[in-house]
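The values are calculated or read from the model by the stated rules, or taken from the named source; none is laboratory data. On a predicted model such as this, the values are computed, not experimentally measured, just so you know. For neighbour counting, all protein chains shown are included, and Cβ atoms are generated from backbone atoms with ideal geometry for every residue, glycine included. The protein model used for the area step is the full one, side chains on, heavy atoms only, and it has no ligands, DNA or RNA in it. Shrake-Rupley method; radii C 1.70, N 1.55, O 1.52, S 1.80 Å.
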Amino acid sequence: GAGVSQSPSNKVTEKGKDVELRCDPISGHTALYWYRQRLGQGLEFLIYFQGNSAPDKSGLPSDRFSAERTGESVSTLTIQRTQQEDSAVYLCASSLDNNYGYTFGSGTRLTVV
Amino acid sequence: QKEVEQNSGPLSVPEGAIASLNCTYSDRGSQSFFWYRQYSGKSPELIMFIYSNGDKEDGRFTAQLNKASQYVSLLIRDSQPSDSATYLCAVKNTGRRALTFGSGTRLQVQP
(Lines give C-alpha, C1' and ligand atoms only; values in the text may rest on other atoms or scores of the structure.)
Protein backbone atom coordinates (compact mmCIF):
# COMPACT_ATOMS: atom_id res chain seq x y z
CA GLY A 1 0.00 0.00 0.00
CA ALA A 2 0.90 3.67 -0.17
CA GLY A 3 1.52 3.96 3.55
CA VAL A 4 1.59 1.97 6.76
CA SER A 5 -1.95 1.06 7.74
CA GLN A 6 -2.98 0.30 11.30
CA SER A 7 -6.28 -0.90 12.67
CA PRO A 8 -8.28 -0.21 14.66
CA SER A 9 -7.49 3.47 15.08
CA ASN A 10 -9.08 3.47 18.51
CA LYS A 11 -9.81 0.64 20.91
CA VAL A 12 -11.45 0.82 24.32
CA THR A 13 -11.33 -2.41 26.26
CA GLU A 14 -12.08 -3.59 29.75
CA LYS A 15 -9.27 -4.54 32.07
CA GLY A 16 -8.48 -8.22 31.74
CA LYS A 17 -9.62 -8.58 28.13
CA ASP A 18 -7.31 -9.50 25.26
CA VAL A 19 -6.77 -7.14 22.32
CA GLU A 20 -5.26 -7.57 18.89
CA LEU A 21 -3.75 -4.71 16.93
CA ARG A 22 -3.00 -4.95 13.22
CA CYS A 23 -0.33 -3.38 11.04
CA ASP A 24 -0.05 -3.54 7.26
CA PRO A 25 3.38 -2.22 6.19
CA ILE A 26 4.41 -0.53 2.98
CA SER A 27 4.78 -3.09 0.22
CA GLY A 28 8.42 -4.13 -0.18
CA HIS A 29 9.48 -2.99 3.28
CA THR A 30 11.21 -5.93 4.91
CA ALA A 31 11.59 -4.37 8.35
CA LEU A 32 8.62 -3.80 10.65
CA TYR A 33 8.63 -2.28 14.14
CA TRP A 34 6.16 -1.83 16.97
CA TYR A 35 6.56 1.04 19.42
CA ARG A 36 4.42 2.25 22.29
CA GLN A 37 3.92 5.90 23.19
CA ARG A 38 2.29 6.79 26.47
CA LEU A 39 0.71 10.21 26.81
CA GLY A 40 3.37 12.89 26.78
CA GLN A 41 6.18 10.36 26.56
CA GLY A 42 8.69 9.25 23.97
CA LEU A 43 8.57 6.12 21.86
CA GLU A 44 9.23 2.84 23.62
CA PHE A 45 10.51 0.01 21.40
CA LEU A 46 8.53 -3.23 21.62
CA ILE A 47 9.48 -5.63 18.82
CA TYR A 48 11.20 -5.73 15.42
CA PHE A 49 10.75 -8.06 12.45
CA GLN A 50 13.18 -8.34 9.53
CA GLY A 51 12.22 -10.64 6.70
CA ASN A 52 12.33 -14.26 7.79
CA SER A 53 14.84 -13.66 10.59
CA ALA A 54 13.93 -14.32 14.22
CA PRO A 55 12.22 -11.23 15.63
CA ASP A 56 13.89 -8.99 18.19
CA LYS A 57 11.49 -9.21 21.13
CA SER A 58 13.76 -7.45 23.61
CA GLY A 59 11.38 -4.53 24.15
CA LEU A 60 8.25 -6.47 25.04
CA PRO A 61 7.40 -5.40 28.60
CA SER A 62 5.88 -8.68 29.79
CA ASP A 63 4.77 -12.09 28.60
CA ARG A 64 1.28 -10.68 28.12
CA PHE A 65 2.61 -9.08 24.94
CA SER A 66 3.24 -11.05 21.77
CA ALA A 67 3.47 -10.29 18.08
CA GLU A 68 3.51 -12.17 14.83
CA ARG A 69 4.31 -11.33 11.26
CA THR A 70 3.51 -13.39 8.21
CA GLY A 71 6.50 -13.21 5.87
CA GLU A 72 6.97 -9.58 4.86
CA SER A 73 3.34 -8.58 5.22
CA VAL A 74 0.83 -8.01 7.97
CA SER A 75 1.79 -8.03 11.64
CA THR A 76 -0.44 -8.39 14.68
CA LEU A 77 0.38 -7.30 18.22
CA THR A 78 -1.59 -9.12 20.90
CA ILE A 79 -1.94 -7.95 24.48
CA GLN A 80 -3.46 -10.51 26.82
CA ARG A 81 -5.22 -9.69 30.09
CA THR A 82 -4.92 -5.97 29.49
CA GLN A 83 -4.03 -3.67 32.37
CA GLN A 84 -4.62 0.05 32.76
CA GLU A 85 -0.91 0.74 32.32
CA ASP A 86 -1.20 -0.71 28.80
CA SER A 87 -3.17 2.39 27.77
CA ALA A 88 -1.10 4.13 25.11
CA VAL A 89 -0.80 4.73 21.39
CA TYR A 90 0.71 1.72 19.68
CA LEU A 91 2.68 2.73 16.62
CA CYS A 92 3.78 0.46 13.82
CA ALA A 93 6.52 1.47 11.38
CA SER A 94 8.18 -0.12 8.40
CA SER A 95 11.39 0.50 6.44
CA LEU A 96 13.32 -0.99 3.53
CA ASP A 97 15.72 -2.48 6.05
CA ASN A 98 16.97 -1.49 9.47
CA ASN A 99 19.47 1.04 8.15
CA TYR A 100 16.81 3.37 6.84
CA GLY A 101 14.44 5.78 8.50
CA TYR A 102 10.98 4.55 9.29
CA THR A 103 7.53 5.35 7.97
CA PHE A 104 5.00 5.25 10.79
CA GLY A 105 1.37 4.33 10.66
CA SER A 106 -1.24 6.53 12.29
CA GLY A 107 -1.30 4.35 15.38
CA THR A 108 -3.87 2.57 17.50
CA ARG A 109 -4.98 4.44 20.61
CA LEU A 110 -5.67 1.80 23.26
CA THR A 111 -7.63 2.72 26.36
CA VAL A 112 -8.06 0.14 29.10
CA VAL A 113 -10.90 0.94 31.49
CA GLN B 1 21.67 8.13 32.03
CA LYS B 2 19.14 7.89 29.22
CA GLU B 3 20.47 6.51 25.96
CA VAL B 4 19.11 9.46 23.98
CA GLU B 5 18.49 12.73 25.81
CA GLN B 6 16.58 15.78 24.72
CA ASN B 7 15.39 18.85 26.57
CA SER B 8 11.61 18.51 26.78
CA GLY B 9 11.03 22.24 26.28
CA PRO B 10 8.95 23.99 25.30
CA LEU B 11 11.41 25.89 23.16
CA SER B 12 9.74 29.11 22.11
CA VAL B 13 11.05 31.13 19.17
CA PRO B 14 9.55 34.02 17.20
CA GLU B 15 8.48 33.51 13.63
CA GLY B 16 11.41 33.92 11.25
CA ALA B 17 14.05 33.03 13.83
CA ILE B 18 16.35 30.02 13.88
CA ALA B 19 15.24 27.18 16.15
CA SER B 20 18.03 24.99 17.50
CA LEU B 21 17.15 21.56 18.85
CA ASN B 22 19.76 19.43 20.55
CA CYS B 23 20.17 15.75 21.33
CA THR B 24 22.90 13.82 23.12
CA TYR B 25 23.43 10.09 23.06
CA SER B 26 25.36 7.69 25.25
CA ASP B 27 26.49 4.96 22.83
CA ARG B 28 29.75 6.15 21.28
CA GLY B 29 29.47 3.51 18.55
CA SER B 30 26.15 4.82 17.21
CA GLN B 31 26.19 5.18 13.45
CA SER B 32 22.88 6.60 12.25
CA PHE B 33 20.90 9.55 13.51
CA PHE B 34 17.40 10.65 12.63
CA TRP B 35 15.09 13.58 13.33
CA TYR B 36 11.35 13.11 13.36
CA ARG B 37 8.60 15.70 13.69
CA GLN B 38 5.42 14.81 15.54
CA TYR B 39 2.39 17.06 15.51
CA SER B 40 0.02 16.75 18.45
CA GLY B 41 -2.15 13.66 18.06
CA LYS B 42 -0.29 12.50 14.96
CA SER B 43 2.41 9.94 14.29
CA PRO B 44 6.08 10.85 13.80
CA GLU B 45 7.32 11.73 10.32
CA LEU B 46 10.94 11.59 9.20
CA ILE B 47 12.56 14.97 8.53
CA MET B 48 16.28 14.28 8.25
CA PHE B 49 18.90 11.63 8.75
CA ILE B 50 22.66 12.01 9.09
CA TYR B 51 25.44 9.45 9.23
CA SER B 52 28.67 11.48 8.97
CA ASN B 53 30.21 14.19 11.11
CA GLY B 54 29.39 17.70 9.97
CA ASP B 55 26.33 19.40 8.57
CA LYS B 56 23.62 18.18 6.24
CA GLU B 57 21.18 20.67 4.78
CA ASP B 58 17.72 20.10 3.33
CA GLY B 59 15.73 23.24 2.64
CA ARG B 60 15.20 25.12 5.89
CA PHE B 61 16.52 22.21 7.94
CA THR B 62 20.14 21.49 8.85
CA ALA B 63 21.25 18.48 10.84
CA GLN B 64 24.59 18.67 12.61
CA LEU B 65 26.49 15.68 13.95
CA ASN B 66 29.51 15.65 16.26
CA LYS B 67 30.40 12.07 17.11
CA ALA B 68 33.34 13.05 19.32
CA SER B 69 31.01 15.03 21.58
CA GLN B 70 28.12 12.62 21.04
CA TYR B 71 25.55 15.16 20.06
CA VAL B 72 23.32 15.77 17.11
CA SER B 73 21.31 18.90 16.50
CA LEU B 74 18.62 20.17 14.18
CA LEU B 75 18.46 23.78 13.05
CA ILE B 76 15.29 25.17 11.54
CA ARG B 77 15.82 28.44 9.68
CA ASP B 78 13.06 30.99 9.11
CA SER B 79 10.83 29.18 11.63
CA GLN B 80 7.13 29.18 10.83
CA PRO B 81 4.13 28.62 13.13
CA SER B 82 3.54 25.41 11.17
CA ASP B 83 6.87 24.13 12.52
CA SER B 84 5.34 24.03 16.01
CA ALA B 85 5.52 20.37 16.97
CA THR B 86 7.54 17.91 19.03
CA TYR B 87 10.87 16.95 17.49
CA LEU B 88 12.17 13.48 18.24
CA CYS B 89 15.80 12.49 17.96
CA ALA B 90 16.45 8.82 17.15
CA VAL B 91 19.70 6.91 17.20
CA LYS B 92 20.74 3.54 15.81
CA ASN B 93 22.85 2.09 18.61
CA THR B 94 25.44 -0.60 18.05
CA GLY B 95 24.03 -4.05 18.63
CA ARG B 96 20.48 -2.82 18.30
CA ARG B 97 18.43 -3.34 15.21
CA ALA B 98 15.78 -0.77 16.05
CA LEU B 99 16.06 2.96 16.66
CA THR B 100 16.17 4.36 20.17
CA PHE B 101 14.13 7.53 20.48
CA GLY B 102 14.53 10.48 22.78
CA SER B 103 11.50 11.87 24.58
CA GLY B 104 11.32 14.84 22.22
CA THR B 105 11.56 18.62 22.40
CA ARG B 106 8.39 20.63 22.00
CA LEU B 107 8.91 23.64 19.73
CA GLN B 108 6.56 26.61 19.73
CA VAL B 109 6.95 29.22 16.99
CA GLN B 110 5.23 32.44 17.97
CA PRO B 111 3.60 34.42 15.13
Point to revise | Three principal axis lengths of the protein assembly as shown [C-alpha, angstrom, descending] | key: 49, 37, 36
Exercise for review: Compute the distribution of all C-alpha to C-alpha distances in chain B, in bins of 5 Å from 0, and list the percent of pairs in each, rounded to whole numbers.
Suggested key: 2, 13, 24, 25, 19, 10, 4, 1, 0
Check your understanding: Which entries of B:Lys2/B:Lys67; A:Lys17/B:Lys92; A:Lys57/B:Lys92; A:Lys17/A:Lys57 show an alpha-carbon separation above 26 angstrom in the structure shown?
Key -> A:Lys17/B:Lys92
Practice item. Would you mind calculating the relative contact order of chain B from Cα pairs under 8 angstrom and at least 6 residues apart, reporting the percent as a whole number? Key: 38 percent
Point to revise | Top positive-direction residue, dipole computed over the protein assembly as shown with Cβ charges, set A:Leu77, B:Gly95, A:Leu32 | key: A:Leu77
Practice item. Just read off the accessible area of B:Ser52 with the full protein assembly in place, 1.4 Å probe, to the nearest 10 Å². Key: 80 Å²
Exercise for review: Using only C-alpha atoms and all pairs of different ones, pull out the Kirkwood radius for chain A in Å with one decimal.
Suggested key: 13.9 Å
Review point. In the protein assembly as shown, carbon and sulfur make up what percent of the accessible area (probe 1.4 Å)?
Key: 45 percent
Check your understanding: Say each of B:Asp55 and A:Glu68 gets a label point 7 Å from the Cα, pointing the same way as Cα to Cβ; how far apart are those two points in nm?
Key -> 5.2 nm
Check your understanding: When ligands, DNA and RNA are left out and all protein chains stay put, how many square angstrom of accessible area per residue does chain A have with a 1.4 Å probe?
Key -> 47 Å²
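Hey, got the dipole for chain A? About the Cα centre, +1 on K and R Cβ, -1 on D and E Cβ, debye to the nearest 20?
Here the size comes out at about 300 debye.
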Point to revise | Pair A:Ser7, B:Asp78: separation of 7 Å Cα→Cβ label points (nm) | key: 4.3 nm
Review point. In peptide B:90-98, how many Cβ atoms from other protein chains are near each Cβ within 10 Å, on average?
Key: 5
Check your understanding: Put +1 on the Cβ of every Lys and Arg and -1 on every Asp and Glu Cβ in segment B:1-93; which of B:Phe49, B:Ile18, B:Pro81 then has its Cα farthest towards the positive end of the dipole?
Key -> B:Phe49
Check your understanding: Other chains' Cβ within 10 Å of B:34-43 residues: what's the mean?
Key -> 3
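For Cα pairs less than 8 Å apart in space and 6+ apart in sequence, what is the mean separation divided by the residue count of segment A:20-113, i.e. the relative contact order in percent?
This gives 33 percent for segment A:20-113.
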Review point. Averaged over peptide A:23-36, how many Cβ atoms belonging to another chain are found within 10 Å of each residue's Cβ?
Key: 1
Revision key, fill the gap. Reported to the nearest 10 Å², B:Arg97 has, with a 1.4 Å probe, an accessible area equal to 90 Å²
Check your understanding: So what's the Cα pair-distance distribution over segment A:39-83, bin width 5 Å, in %?
Key -> 5, 19, 26, 24, 17, 6, 2
Check your understanding: Within chain B, which is the longest segment containing none of the chymotrypsin sites (Phe, Trp or Tyr not before Pro) that sit in a DSSP loop and have at most 15 other Cβ atoms within 10 Å?
Key -> B:52-111
**Study point:** Euclidean distance of C-alpha centroids, segment A:36-75 and segment B:6-41, integer Å
**Key:** 25 Å
